[in-house]
1. Sort out which residues of segment 123-153 are farther than 14 Å from Phe10 by Cβ, touching a residue at least 60 places away in the same chain (Cβ under 8 Å) and under 14 Å from the mean Cα position of the chain (by Cα), and write them in order of number.
2. Please work out which residue is surrounded by the fewest Cβ atoms within 10 Å (Cβ to Cβ), limiting yourself to segment 25-56 and to residues that are within 15 Å of the chain's Cα centre (by Cα) and of a type in the set (D, E, K, R).
3. For the subset of segment 57-114 comprising residues that are among the basic types (Lys, Arg) and over 25 Å from Ala25 (Cβ atoms), which member is farthest from the chain's Cα centre (by Cα)?
4. Of the residues that make up segment 11-21, is at least one under 19 Å from Ala153 (Cβ atoms), touching a residue at least 40 places away in the same chain (Cβ under 8 Å), among the small types (Gly, Ala, Ser) and not in a loop (DSSP other than H, G, I, E, B)?
5. Show the residue pairs meeting these rules: Cβ distance below 9 Å; 6+ apart or different chains; first residue within segment 43-55 and at negative phi; second residue modelled with pLDDT under 95 and among the hydrophobic types (A, V, I, L, M, F, W, C).
6. Mind checking which residues of segment 44-55 are assigned to a strand (DSSP E or B) and within 29 Å of Arg89 (Cβ to Cβ)?
Amino acid sequence: MTAAVQFDTFTMEREFGASPARVYAAFADPRRKRQWFAESDNHTVEAFAMQFEVGGRESASYRFNAGSPFAGVLLESDGVYLDLVPDQRIVSAATMAIGGRRISASVHTFEFSPAPGGGTRLRFTHQAAFFEGADGPDMRRAGWQQLLDQLQAAVAKDAA
């Protein structure tokens, strides 16, 4: 019998000391996005490609490094951009697979607005369906916290 799908939605907010255009650009440029989104000491990036336009695809393949409970296992993400409003909004949908088995499908909404006193307020909403063998909501939240930390560091570095 197939296990029930687990659903989860969460929202995170961050403030950046850069304009909405600069924060948005960290998502739009493939080289910059790969640096904060794909690269990590925990895995090796085998492939990363993106076409930043409505209907455009984004795909990534990672192999977990030694020391991980998933050492040597391939993680694949495949997504599509559903809506783009420059400097204001990005909506995308993606699936994730580990070892060739799909574990989740999700929708990601990023909203960029001027922050009081300058800079940018980013509101991120993640809506997901988790399947058998998935990382689950808690690990996904922690993963996005880390990704947003990396985004914040990348935007600060670009501003310097």
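1. Gln150, Leu151, Gln152
2. Arg31
3. Looking at the filtered set, the residue picked out is Arg101.
4. Within segment 11-21, one or more residues are under 19 Å from Ala153 (Cβ atoms), touching a residue at least 40 places away in the same chain (Cβ under 8 Å), among the small types (Gly, Ala, Ser) and not in a loop (DSSP other than H, G, I, E, B).
5. If the second residue must be modelled with pLDDT under 95 and among the hydrophobic types (A, V, I, L, M, F, W, C), the pairs left are His43/Phe64; His43/Phe70; His43/Leu75; Thr44/Phe64; Val45/Ala38; Glu46/Leu74; Phe48/Phe37; Phe48/Ala38.
6. Scanning segment 44-55 gives Val45, Ala47, Phe48, Ala49, Met50.
The values are calculated or read from the model by the stated rules, or taken from the named source; none is laboratory data. Since the model is a prediction, treat every value here as computed from it, not as a measurement. No Cβ is skipped: glycine too gets one built from the backbone with ideal geometry, and neighbour counts run over all protein chains shown.
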